[in-house]
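This report refers to the structure that appears directly beneath it.
What follows is calculated from the coordinates using simple rules that are stated; it is not laboratory data. All values derive from a computational prediction rather than experimental measurement. Cβ placement follows ideal geometry from the backbone for every residue including glycine, while neighbour counts extend to all protein chains displayed.
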Amino acid sequence: MAAVYEDIKPDLDRVEEQLEAWSGSINPLTAEVSRYVLRKKGKRLRPALVLLASRLFKAEPGEQVFLASLVELIHTASLIHDDIIDKADVRRGEESVHAKWGPNVTVLLGDHLYIKSIGLALESRHDRIIHLLADVSARMIEGELDELAASGDLGISEERYLEIIDKKTAVLFVTCCRIGAILGRAPREDENALAEFGRSIGLGFQIVDDILDFTADERALGKPVMSDLAEGRVTLPLIHAFRGDGRPHRDRISGLVGRRAISGEDRAAVLEGLEANGSLDYAAALARRYAEGAVGVLGRFPESPTKGALIALARFIVDRNR
């Protein structure tokens, strides 16, 4: 990732400064919790996409850092809501807001950051970007509701799963790409192509996240493994495995969906069942197809260091281990 971010590192550093500034508040509790959650750096993929997309179209200096920071604020708000829905104790290797301050503060902080994001968006000089940011916030919340409604549904189809992760995850990747294209005054055809790039890497990213929930090292992942299973979330590896009627392990895996306490023996049985059905390989292959499809979309653009960074980003997303 250091190589991917090399050219945009100064702007990403400015994103961190902007997020730090936004964490301030006259309310001491709001300031304390905001600083806590915004200093926990993730991969900053979404700000990087805004910055790289704007560079691809040679945008003049202007709102790039502001808007890159804003999409990270929206992403952070979504993670906080995730924590309260999932009752998660750990996020990015540290106590979650839910574990540290309780559900009431968590709900209010998530709402605060979403509303603050929309208010800040009104400062943009681009009406389309304001509408995009309002729309993406609503669609991400709708995706969360769809996922919650599907919790524990062992018969969920792959198509429905993809619809949910499109709203929950990929839509923000799409918006990041569109923002960069708008800042660069790209033709609508090029903007739409880059949006498709964003959708493909967003879907690939979430599929890999769902695979890592079964296979990752817990310390690298920054949260307990198989937490999706414990929360009743039926993701692509399980969907594929449940198609194998009569296969060994199916009934045992089904019995663990939504069970908060999953033993080491049970985890081993789940992995054995997924591997026996080829389910992890199936999901990984689909994620790679999305990543390579994203790379193919970039073929319409001339060679440049920025295009190379976007290609590297697409491939990093499916090769990562956390």
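How high is the FRET efficiency from residue 217 to residue 254, r the C-beta distance, R0 25 Å, rounded to 0.05? Efficiency at R0 = 25 Å is approximately 0.45. Pairs from the list 100/167; 43/168; 58/167; 87/116 with a Cα-Cα gap above 22 Å: 100/167; 58/167; 87/116. The fewest-to-most ranking of 238, 73 by surrounding Cβ atoms within 10 Å reads 73, 238. On the beta carbon distance between residue 13 and residue 151, with R0 = 41 Å, the FRET formula returns roughly 0.55. For residue 91, the residues whose modelled amide H falls within less than 5 Å of its own, excluding neighbours fewer than 5 places apart on the same chain, are 96. Report summary: the helix-based calculation at 222 nm, which adds -39500 (n - 2.57) for every DSSP H run with n ≥ 4 and divides by the residues of the chain, gives -22000 deg cm²/dmol. By the combined test of axial Cα extent (at least 24 Å) and Kyte-Doolittle hydropathy (mean at least -1.0), the qualifying DSSP H helices of the chain come to 64-86, 103-121, 127-149, 188-215, 279-297.
Here, the chain is characterised by an Rg to Rh ratio of 0.97, where Rg is the alpha-carbon radius of gyration and Rh the Kirkwood radius. Starting from the Kirkwood radius over alpha-carbon pairs of segment 233-289, derive D by Stokes-Einstein at 10 °C in a medium of 1.306 mPa s and give it in µm² s⁻¹. So the translational diffusion coefficient is about 137 µm²/s.
If I take R0 = 45 Å and measure r between the Cβ atoms of residue 272 and residue 118 in this structure, what FRET efficiency does the formula 1/(1 + (r/R0)^6) give, to the nearest 0.05? With R0 = 45 Å, the Cβ-Cβ based efficiency is 0.45. P(r) tail for segment 109-185: Cα pairs beyond 22 Å make up 33% of the total. Across segment 6-319, C-alpha contacts under 8 Å between residues 6 or more apart give a mean separation that, scaled by the residue count, equals a relative contact order of 17 percent.
Evaluated with a Cβ-only charge set (Lys, Arg +1; Asp, Glu -1), the chain carries a dipole of roughly 440 debye about its Cα centre, given to the nearest 20.
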